[in-house]
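Participant: This is the structure I have questions about; it appears just below.
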Amino acid sequence: MTSSSGAEERLATAWQSPRGFPGVLSEVNNQPIGKRFMLTAFAFFLLGGMLALLMRVQLAVSDNEFLGPQTYNQLFTMHGSTMMFLFAVPFLEGLALYLLPMMIGARDVAFPRLTAFGYWTYLFGGLIFYASFAVGAVPDAGWFAYTPLSGSRYTGLSGDFWLLGLSLVEVAGLTAAIEIVVTILKFRAPGMTIGRMPLFVWALLITGLMILVAFTVLLTATVLLELDRALETRFFDPRHGGHSLLWQHLFWFFGHPEVYIMFLPATGIVSAIVAAFARRRMIGYVLIAAAMVVTGFVSFGLWVHHMFAAGLPPLSLAVFTASSMLIALASGTQVFAWIANLWGSAPRFDAPLLFVLGFIVLFVLGGLTGVMIAIVPFDLQVHDTYFIVAHFHYVMIGGVLFPIFAGLYYWLPKMTGRMLDERLGKWNFWVTFIGFNLTFFPMHVMGFLGMPRRVYTYPAVLELDWYNLAATVGAGLLGIGVLLFLIDAARSLTHGAAAPADPWKADTLEWSVSSPPPPYTFLRPPRVADRHPLWFPPEENEGESQSPPGDSAVERALAAMTAAPVEYRATLVTDAVEARPQAIQYLPGPTYLPFWAAVALTIAAVGVLGKSYTLAGAGAVATVIGTIAWIHPRDWVSQRVLGSGIAEKAGLPMFPTGARATGWWGMLGVLAMLASALGALVYSYFYIRLFAPEWPPAGTPLPEFGMAGAAAALAIAAAVAQGVGWRSVRRGAPRIVIPALAAALLCGLAFVAIEAFELSRQRFSPRTHAYGSLFFVMHWFVIGLASLGLAMGGATLKQAIHESDGRPGYLPLMIELSAMHAVFTAIAAAVVFAVTHVSPWVI
Amino acid sequence: MTVESGQGRAALWFGFLGGAFAWTAHLLAAYAIAEFGCFGGLAGHSWGGISAVAWSIIGVTIPAVAIAVAAVWIAGRAAGEFESNAGELERTDSFLARIGFYSSGIFLLVILAQTLPVLFFLGDCR
């Protein structure tokens, strides 16, 4: 960092956020938003922990009436939901959003406004969740909300609180996933090839990709259940052709990967700490990365092992047993690699490493019981007992919470600039470790002795009082452990020693900047030539690296970006595999738009909650308007960007297209989500069709091809027209662009009109039968897609007219993204047509 | 094979992701056949004393195994070539090849393990 302090100050000004309340609402920078995510998630963790303590008091002795069954059900539902949805994933996402740019050598994440939107959506979703206490409608159908118990017949308003609060949190999770994936793929420092990414970054990349699929399926499922509850559709209603088990399939298709969505980042934390404390090159780097790739895939193939007791064909169960057992290979590989790294390395046993060692012990125990319950006959014996409670707490607390504490002790000095107290840290570890084992180890035995889970009390005749009392005392100790951490963290803020830039002598880039880091993170973007960039800086790797340190193009880009630009925020874009400089990315500064968009979305959810559909509609419209205002291209931005001259200095473009553009990758992420939603709908259709005695149901004619086929053809025509427009921009023939975009818009409008007409003339409704529910919702899905396409197409046409004088700007990327969406819409329309109109004739 | 050539790069990515693709396709197919076949009446048909459900799973396993084996072989061969040529383990092509070799190997194992139960359910779905 060799620039003058004046340049540094100007750069800091560009990255500074407004102070006070306006700054709170308009902040978009990854560092404060990441910290907010973590703080909010930790607050929810404390709430969820208190609920657990109340439950343990209830269970301390037999035949206890301290809480009563109804309150127990509520606390048990809120505890599980809080820990799974409001704590673990958001905390890890917050840690990722905070650390990622620092770790990979970037100045911010790919879509700063989306980060802010995600945070507000998460906060509002969590508040809706807990507002249920204020109105006396606390969710009580379990954190898994099995139907029919969670249907409107058995669960009132509390079910809506669960579904709508959760939906907002899922939206937040999805936005963070897109951020994480695109940031990793496009913002890595020059030289940080995929073979040199820190293992924490590898873990986050795979986690982000998993969230895109898994959370979308859950979001789809929660929307379907809310439709059942609010509009009386019939997806999960067996009396009208629906199927209760469909919910379990969709929920667990999300639910099992969710375990690994929490676990993989935790293993990334462990790998980072193990490397830093062992102070040697990571042994088994490739094996750990390969294990994470395998885990990412195979975790999607395990969902049925949550349903071994649900009456599925034994052959299905056997297939899933195999993958459930073999995923232990991947987890075991990582465990052996960590042990190999620590073996003989003489590390200092500071608090981060103690929590890592505790993690290894507890996770191995949880993994072993996981392999046991992957075996169907064993699972059938213990499925509804405390053995399962013991297993998943060993995995969740041992496998996720311990690494989180390790990470906090490791990275808090970077975030706050203050060291934590090592003595308190060790006390925290031992109290937490002993308390945890005292709480959960006896539960294995309790399970064997027949203690049923999810039940508010147990009879004295089971003779389980001593085990339960021990578990309750252990839970108290666990609570004291958390309290010790809070005391340590609070004490460090006022009395902690000042943290140096690299207190652990660690290897990754975040330790090269001051503690706490400046808002722009890096004055000069770093260059990387090794997996351990601080231990083996580029100058020591002359002649070895793939991008030679002296590479003039790289040096030119880095020089141009040193303490620059100062007129606006920007970072370097590199290619996804080799991390070679490709472009400079303009990054937006503070704005209220993400906050207002999140408020509008929350109003829509509250409208549905209160059955005030006018309010819900108003909220939805405001969300759309807010989003359009947010993404609408602005001339002053392009003028300022082009006027700064940095592109010429760096020799890189500022308005790239294709795989060079972050927007292109963002759109790819959105399309992956939409494809997952479509897949979940198609699966639901055939699952319900499988169990239907007659399809379509009696009295419903087979669908006609005519109008729907024409609509699908129009969707394809719209995609072709968009494609023609895109090609003409690429070939520099702009006069065809406007007619092509206008034709695409007309085709899209005709598609929506015909689809709407086709639905209006059906002699059944979404309420008559599950067939009608599926038929309508699948077509609503493509109408929604097409409407989004019309908005994008309209904006692109407007931009094409605006840029028809040949000025450089956003048009090439806008038309490319619009075309990508149009192609997906055409594919979705064809799939929906094939499923709803062709398949009933064939199957 | 050089990684700079389009063919070499395609082979490298196939080695990296081929096993994952084969496993995903196999799991989806095996699940669909078991679930929909057993409930949907496919189990009622048999040939040579083996139910149509079992035949179908065996049928989808053969190409899945072939793809996974090919991925392991291609990734393994590429890893050997790149490392002997460049001698640097952090090279992206070498990294991709080795990660593909390990992960495709595990995916191959999982595919075989997933097919093993079929041997116990040759006759029907019960």
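Participant: Figure the gain on full extension for A:ARG735 and A:ALA553 (residue separation times 0.36 nm, minus the Cα-Cα span) and round it to one decimal in nm.
Facilitator: Extra length from A:ARG735 to A:ALA553 when fully extended: 62.0 nm.
Participant: Okay, moving on. Please give the residues of the stretch A:808-843, grouped as numeric ranges, whose backbone N is less than 11 Å from a label point set 7 Å along the Cα-to-Cβ vector of A:TRP636.
Facilitator: Hits in the stretch A:808-843 for A:TRP636 at 11 Å: none.
Participant: Could you let me know the centre-to-centre spacing of the stretch B:6-76 and the stretch A:297-332, using Cα atoms, in angstrom?
Facilitator: 16
Participant: Please compute the average number of Cβ atoms from other chains found within 10 Å of each residue's Cβ in peptide A:304-315. The partial results should precede the final answer.
Facilitator: Values: counts 3, 0, 0, 0, 0, 0, 0, 0, 5, 12, 8, 19.
The shielding value for this peptide is 4.
Participant: Ok, one more. So what is the relative contact order of chain A, in percent, for Cα pairs below 8 Å that sit 6 or more residues apart?
Facilitator: Details: 1418 pairs, mean separation 135.9, N = 843.
Over chain A, the number comes to 16 percent.
Participant: In addition: Evaluate the distance, in nm, between pseudo-label points positioned 7 Å from the Cα of A:TYR568 and of A:TYR146 along their respective Cα→Cβ axes.
Facilitator: Modelled inter-label distance: 5.5 nm.
Participant: 7 Å from Cα along Cα→Cβ at both A:LYS798 and A:ALA309: what's the point-to-point distance in nm?
Facilitator: In this crude spin-label approximation the distance works out to 5.6 nm.
Participant: In addition: Give me A:HIS769, A:HIS495, A:HIS240 sorted ascending by neighbouring Cβ count inside 10 Å, so fewest comes first.
Facilitator: Ascending number of Cβ neighbours within 10 Å: A:HIS495, A:HIS240, A:HIS769.
Participant: Rounded to the nearest 0.05, what FRET efficiency do B:ARG77 and B:ALA113 have when you use their Cβ-Cβ distance and R0 = 41 Å?
Facilitator: The computed FRET efficiency comes out at 0.95.
Participant: In addition: Mind checking which of B:SER46, B:SER104, B:SER94 has the largest fluctuation in a GNM of chain B, springs on alpha carbons under 10 Å?
Facilitator: B:SER46
Participant: Right, something else. May I ask you to list the lysines whose Cα is less than 30 Å away from that of A:LYS414, ignoring any residue fewer than eight positions away on the same chain?
Facilitator: Straight-line reach from A:LYS414, under 30 Å: A:LYS35, A:LYS186, A:LYS426, A:LYS505.
Participant: Okay, next question. Ordered by residue, what ³J(HN,Hα) values in Hz, to whole numbers, does the stretch A:282-294 give under the Karplus form 6.51 cos²θ - 1.76 cosθ + 1.60, where θ = phi - 60° and Gly and Pro are x?
Facilitator: Whole-Hz 3J(HN,Hα) from phi for the stretch A:282-294: 5, 7, x, 3, 5, 5, 5, 4, 5, 4, 5, 4, 4.
Participant: Pop the C-beta distance of A:SER514 and A:ILE625 into the FRET formula with R0 = 45 Å and round what comes out to the nearest 0.05.
Facilitator: On the way: r = 41 Å, r/R0 = 0.92.
That pair, A:SER514 with A:ILE625, gives E of 0.65.
Participant: Counting only helical runs of four or more DSSP H residues, what would the 222 nm mean residue ellipticity of chain B come to if each run contributes -39,500 (n - 2.57) and the total is spread over all its residues?
Facilitator: Working: 3 runs with 86 residues, N = 126.
Result for chain B, helices only: -24500 deg cm²/dmol.
Participant: Near the amide H of A:ALA570, under 5 Å away, which other amide H atoms are found, from residues 5 or more places off or on another chain, if H is placed in the peptide plane?
Facilitator: For A:ALA570, the qualifying residues are A:LEU587.
Participant: How far apart, in nm, are two points set 7 Å out from the Cα along the Cα-to-Cβ line at A:LEU231 and at A:ARG153?
Facilitator: So the label points at A:LEU231 and A:ARG153 sit 2.1 nm apart.
Participant: I would also like to ask the following. Divide by every residue of chain A the summed helix terms, -39500 (n - 2.57) for each DSSP H run of at least 4, and state the resulting mean residue ellipticity at 222 nm, rounded to the nearest 500 deg cm²/dmol.
Facilitator: Details: 28 runs with 550 residues, N = 843.
Mean residue ellipticity at 222 nm (helix-derived): -22500 deg cm²/dmol.
Participant: Mind checking the full-extension length gain between A:LEU615 and A:LEU329? Use 0.36 nm per residue of separation minus the Cα-Cα distance, one decimal, nm.
Facilitator: Values: separation 286, 0.36 × 286 = 102.96 nm, distance 5.13 nm.
The A:LEU615-A:LEU329 span can extend by a further 97.8 nm.
Participant: So what J values fall out for the stretch A:506-514 if you push phi through Karplus, 6.51 cos²θ - 1.76 cosθ + 1.60 with θ = phi - 60°, rounded to Hz, Gly and Pro as x?
Facilitator: 3J(HN,Hα) across the stretch A:506-514, in whole Hz: 8, 10, 9, 5, 4, 7, 8, 9, 5.
Participant: Stretch A:LEU493-A:VAL135 to full length: gain in nm at 0.36 nm per residue minus the Cα-Cα span?
Facilitator: Numbers: separation 358, 0.36 × 358 = 128.88 nm, distance 3.70 nm.
Roughly 125.2 nm would be gained on extension.
Participant: Right, here's the next one. How many percent of DSSP beta bridges within chain A run antiparallel, rounded to 5? Spell out each step's value before the answer.
Facilitator: Working: 8 of 8 bridges.
Antiparallel bridges make up about 100 percent of those DSSP assigns within chain A.
Participant: Continuing with this model, one more query. What is the calculated FRET efficiency for A:SER17 to A:ASP805, with r their C-beta to C-beta distance and R₀ = 45 Å, to the nearest 0.05? Write down the numbers at each step before the final one.
Facilitator: Details: r = 36 Å, r/R0 = 0.80.
Rounded to the nearest 0.05, the efficiency is 0.80.
Throughout, read-outs are computed from the coordinates displayed, never taken from laboratory work. Only a predicted model underlies this, so the values are computations on that prediction, with no experimental measurement involved. Methodologically, a virtual Cβ is constructed for each residue, glycine included, from the backbone with ideal geometry; neighbour enumeration extends over all protein chains shown.
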